[in-house]
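Just so it is clear, none of the values below were taken in a lab; they were calculated from the coordinates. This one's a predicted model, so the numbers in the text were calculated from it and none came from an experiment. Cβ placement follows ideal geometry from the backbone for every residue including glycine, while neighbour counts extend to all protein chains displayed.
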């Protein structure tokens, strides 16, 4: 049985085009897409009514709190949230309790994910045992067990020798390492970005330079080892020239940023609102605009949700003590559409950063509307307005900074390998 | 005019509200100098002092202020109690709220903690210092001291000196003095200056001689040694040499410049002991006296607003 989408605004991140047309799916794969697509017999037809059809989002860096804190987010709740948000592949973080740092834990996680989540789940494994920066994990076994990358999350490996060996070993296996560019000495204890706002509020703050210092260190080790590297979040203007030089020098480096750093700035914290506490902290408006520009030019390759569930108890604390992070699987697309509606980016550009580039970086065939690619798709109305109510979220944790905000863009349906995993009622 | 429900910071106050409060505090200074120091302004109201951080002076000042106005005052040493048992700030607030306090005086080591607490209770909350954020009653008592010594609280040159970065006193003071149209200078080593503080309409100096030139008021800050991660300054003795206030450095200020310090002092670190005791220059003891009066005024005004708000509410039967 095949499936034909007609009358769709096809968002093609590979060719950077938006055309009205159709898309044909057979056996879970895209077989044809374009203005004129012929339907074979016995085809189910979905009339998209002129709405947008794009490759499903590939979200690198989703925190699902299994094992350890299932009350914050389980594979089931995260999977439902992802489906409702148009995310067809969650690339999950290893910063759980305990960390996902051995093949047995990774296999447990994969099994849980396959049972419970309706979308694709690809795990990142820890780079060092216990994420404590001393000994590398079993990269080989973990790759065999399905790890797609290695990262210690926001724990920065401070010992350069340990990191250089991990990079060297990872390079020999062709494994992708995801780093968190941040100087841990400067950023220790920080809850905000240093500057006028943090000074007024009396919050411990980190200079934006700490990000560049972390990135410079990692780039030196990339040059030394030849490792395949992705920076999880670049959020400051000062880090961009270093990134640009590294790319120009031909190093195997890509960079991401989080949706929150693209759509919010430090002033949003206002009166110590802890739902706006993320890691790294929100930056200045100048930084935000520079990062948007870098996404547009392609210097920053990937936009992630950096989905980090936190329960009420972790957030209802004085700002310094409150846990960092925000849920974002369901708000990633509408928040990214703010950048489209504001005229910063095109639809094809946001899907290049949210689907095509992350898929390419991980070597996945998805993230595009080409024949042969899996039919991981999101159908959405880019203009439909709504007011976000955090209690409507499917995530177990409701810590979104967008609560009560007017947004535009509703997901109408999400498909994984041609099967609907979400349909708006 | 005084429309506030809480006193969380100087940031929220209108200049006219500051004047109202200081005028009332002047009256309480007179009351406090009489033999019978008592008023009934807070009669029937319950005041709870919650100090999550050690304090002798501020807590005593609030306690005396409440008692002189006839409130039932209770002190809770929070650092010793439930916080150690893992109770969250919100839970503590809810528990206290159930006891129907009317005035809650709170000091907390984290910036913004008092704001958070104020959102969860039904009484007037006074910030007695939150982290590195604000310490509004200190700024108000400093303002009253200046106004009484100088005869006005505008068009003065005020130098705030020392550890600005860790000081909530400095933040509240620079906001208040700015609102009342004074020129504020911050003087201290760059390692103890908050980032981009020059954008707050103040002048920043790294040298005491330049910073104190022709000022009317010299406000010294305690070198918050207990807050230091270590390594902000090379040594105490070098700090005293370069930034400690002594007669020699004070000579750069106007001849009639007054010397202030929020206490407790580190004699021989940020201020010369003899100068601190010089009754012709130092108003440090007056600051303590004004502290009680200002806190009485603040609680009196908040209690009036609290009573007015309660009377406007329909009675539930």
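One table, with the values for the structure above:
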quantity	calculated
Cut-off 12 Å, label 7 Å out along Cα→Cβ of residue B:95, residues of segment A:285-319 by amide N	none
Nearest-0.05 FRET efficiency for residue B:255 and residue B:235, computed from C-beta distance (R0 41 Å)	0.80
DSSP-defined antiparallel bridges as percent of all bridges, the protein assembly as shown, nearest 5	35 percent
Peptide-level mean, for A:185-195, of C-beta atoms on other protein chains within 10 Å	1
Where a label projected 7 Å from the Cα of residue B:305 along Cα→Cβ would reach, residues of segment B:90-126 with amide N under 11 Å	B:124-126
Spin-label pair residue A:406/residue B:60, simplified geometry with 7 Å Cα→Cβ offset, distance in nm	5.7 nm
Cα radius of gyration and Dmax for the protein assembly as shown (Å)	30.1, 103
Between 0 and 90°, nearest 10: helix A:75-85 axis offset from chain A longest Cα axis	60 degrees
Distance in nm between pseudo-label sites at residue A:285 and residue A:344 (7 Å out along the Cβ direction from Cα)	1.3 nm
Segment A:92-123 residues near the modelled residue A:313 label - backbone nitrogen below 19 Å, point 7 Å along Cα→Cβ	A:96-98
Rounded tilt (10° steps) of A:209-225 against the dominant C-alpha axis of chain A	80 degrees
Förster-model FRET efficiency, 60 Å R0, residue A:389 and residue A:104, C-beta, rounded to 0.05	0.90
Rounded Å value of the spacing that divides the Cα centres of segment B:157-231 and segment A:14-87	57 Å
Spatial separation of Cα centroids for segment A:325-376 and segment B:120-135, in angstrom	44 Å
Cα centroid separation, segment B:6-30 to segment A:266-305 (Å)	39 Å
Label-point separation in nm, residue A:164 to residue B:27, each point 7 Å along Cα→Cβ	7.5 nm
Cβ-Cβ FRET estimate between residue B:36 and residue A:134, R0 fixed at 51 Å, reported to 0.05	0.15
Helix A:160-173 vs. chain A, principal-axis angle (Cα, 0 to 90°, nearest 10)	30 degrees
Chain lengthening between residue A:45 and residue A:252 when straightened (0.36 nm per residue, less Cα-Cα)	70.3 nm
For peptides A:247-258, A:149-160, B:32-43, sequence by mean Cβ density within 10 Å, most packed first	A:149-160, A:247-258, B:32-43
Gaussian network model of chain A, Cα within-10 Å springs - most flexible of A:352, A:212, A:273	A:273
Full-stretch length increase - residue B:206, residue B:246 - with 0.36 nm per residue and alpha-carbon distance subtracted	12.7 nm
Of A:327, A:206, A:19, the one that fluctuates the most in a GNM where chain A has Cα springs shorter than 10 Å	A:19
Segment A:359-425: relative contact order in percent, alpha carbon pairs under 8 Å with at least 6 residues between	33 percent
Protection proxy ranking, peptides A:169-180, B:94-105, B:245-256, A:31-42, average beta carbon neighbours within 10 Å, highest first	A:169-180, B:94-105, B:245-256, A:31-42
Cα gyration tensor shape for segment A:199-279, rounded if a/c is under 1.5, else prolate or oblate	prolate
Choice from B:211, B:66, B:201 with maximal GNM fluctuation in chain B (Cα, 10 Å cutoff)	B:201
Beta bridges by DSSP in chain A, antiparallel share as percent, to the nearest 5	50 percent
Prolate/oblate/rounded label for segment A:85-221 (Cα gyration tensor, a/c 1.5)	oblate
Cα gyration tensor shape of segment A:55-361, rounded if a/c is under 1.5, else prolate or oblate by comparing a/b with b/c	rounded
Chain A, relative contact order [Cα under 8 Å, separation at least 6], %	20 percent
Share, in percent, of DSSP beta bridges within chain B that are antiparallel, nearest 5	5 percent
